[in-house]
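Here the structure is laid out as structure tokens; the discussion comes afterwards.
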Amino acid sequence: MQQSGVYYQLLSQHVSDSCRAMFGKLGILTLYSQYIFLILMFVVKRKDIFTFNIELHKINTRHKLDLHVPSANLTIVQKGVY
């Protein structure tokens, strides 16, 4: 956690202060936010492998524009996101 110590010194913060506010000031995403952002970027870049629910059935529902995730075999799921 040496990096946190450097951030505390840069912003003249005390060690007992929250890292979340400090990350907000520096424009740094938290680990969870980075993960969500990367998953969203993957979906945007590879939207050709996804289909909309409306493409599978022609019923006009409120979920028609939701993405339909294709079925995957176990090895692909075990290896993770492409």
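The values are calculated or read from the model by the stated rules, or taken from the named source; none is laboratory data. Model, not experiment: these values are computed from the prediction. Every residue, glycine as well, gets a Cβ built from its backbone with ideal geometry; the counts of neighbours run over all protein chains shown.
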Flag if residue 37 is among the aromatic types (Phe, Trp, Tyr) and at pLDDT 85 or above: yes
Of the listed residues (11, 29, 74), the one being surrounded by 11 or more Cβ atoms within 10 Å (Cβ to Cβ) and modelled with pLDDT under 80 is 11
